[in-house]
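S.K.: Next up is a structure, given as structure tokens.
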Amino acid sequence: MTFHISKLLGQKSRSLLAAAVVAVLALTIQTHPVSAFDSHAGYYYPEAQTREPYVSEIEVAPDASKRSRAAFVIGLAAQQAKQAYAPGYHLFAKGGELEKLIIVATGDGQYDTLFRMRALLASLTSMARGTELFARTDAPQDLNFLDFCKLIGFKQVTVSNGKDVTHQIKVQ
């Protein structure tokens, strides 16, 4: 048996239904702009509570690529694997061009404030300074981890405790 809603509704009711559908779609588009959609929120981390832009004076390296961003993440994972203790965070790249860097705490009580997240980013600066690409810049001592992220082409850095706190940085 085939069911057709148009047989149950009169012309006026169908017009009202169509108007209601259009209104709902318009409200949805206004409330959830496509540019703000984060496909990784709710999967790797909760929706970001805080966001900030980071404007770096440094230019993206001419040889920055999806491959170099993947190599960076693999290199950091290899450094962590050599440690005598479990890492306090997981770091990985996502997005079509691996342009989004995600850092998620591995346990409770870690990176649960914006200050702790910023301290983590500061500590990652020393790891980044040890890379060849960072060393090739004019003044590596004046750059930080977010500058390095821009250098290799990351456009977004998300840090989360993996439970209830997420901070997202748009790297420009």
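S.K.: Please give me the summed charge of the neighbours of Leu114: other residues whose Cβ is under 12 Å from its Cβ, Lys and Arg +1, Asp and Glu -1. Before the final figure, lay out the partial values.
M.R.: On the way: positive: Arg51, Arg116, Arg118; negative: Glu52, Asp112.
Taking every other residue near Leu114 into account, the sum is +1.
S.K.: Report the one residue of Leu151, Ala64, Ala81 whose Cα lies farthest in the direction of the positive end of the charge dipole of segment 58-156 (charges on C-beta: Lys and Arg +1, Asp and Glu -1; origin at the Cα centre).
M.R.: Ala81
S.K.: Something else about it: Tell me the carbon and sulfur percent of the accessible area for segment 82-129, rounded to whole percent, probe radius 1.4 Å.
M.R.: Details: 1450 of 2600 Å².
Exposed carbon and sulfur together represent 56 percent of the surface.
S.K.: What order, most packed first, do the peptides 142-153, 96-107 have when packing is the mean number of other Cβ atoms within 10 Å of each residue? Please list the in-between numbers first.
M.R.: Working: 142-153: 20.3, 96-107: 18.2.
Put in order of decreasing packing, that is 142-153, 96-107.
S.K.: How much accessible area per residue does segment 53-172 have, in Å², with a 1.4 Å probe? Before the final figure, lay out each step's value.
M.R.: Working: 6320 Å² over 120 residues.
Result: 53 Å² of accessible area for each residue.
S.K.: For every other residue with a beta carbon closer than 15 angstrom to the beta carbon of Thr137, add +1 if it is Lys or Arg and -1 if Asp or Glu, then tell me the sum. Write down the numbers at each step before the final one.
M.R.: Numbers: positive: Arg129, Arg136, Lys150; negative: Glu57, Glu59, Asp63, Glu132, Asp138, Asp142, Asp147.
Summing Lys/Arg as +1 and Asp/Glu as -1 gives -4.
S.K.: Give the residues of segment 82-121 whose amide nitrogen is closer than 16 Å to a point set 7 Å from the Cα of Glu52 in the direction of its Cβ.
M.R.: 111-121
S.K.: Report the calculated FRET efficiency for Ala41 and Ala139 (r = Cβ-Cβ distance, R0 = 35 Å), to the nearest 0.05. Walk me through the numbers before you get to the answer.
M.R.: Details: r = 35 Å, r/R0 = 1.01.
The pair Ala41/Ala139 has a calculated efficiency of 0.50.
S.K.: If you add up the charges near Lys170, with Lys and Arg at +1 and Asp and Glu at -1, over every other residue whose beta carbon is less than 12 angstrom from its beta carbon, what do you get? Walk me through the intermediate numbers first.
M.R.: On the way: positive: Arg51, Lys100, Lys150, Lys155; negative: Asp38, Glu52, Glu99.
Around Lys170, the surrounding residues sum to +1.
The values are calculated or read from the model by the stated rules, or taken from the named source; none is laboratory data. As the structure is a computational prediction, the values presented were derived from the model and not from experiment. Cβ: placed from backbone, ideal geometry, glycine included. Neighbour counts: every protein chain shown. Ligands, DNA and RNA are excluded from the accessible area calculation, which covers all protein heavy atoms including side chains. Shrake-Rupley method; radii C 1.70, N 1.55, O 1.52, S 1.80 Å.
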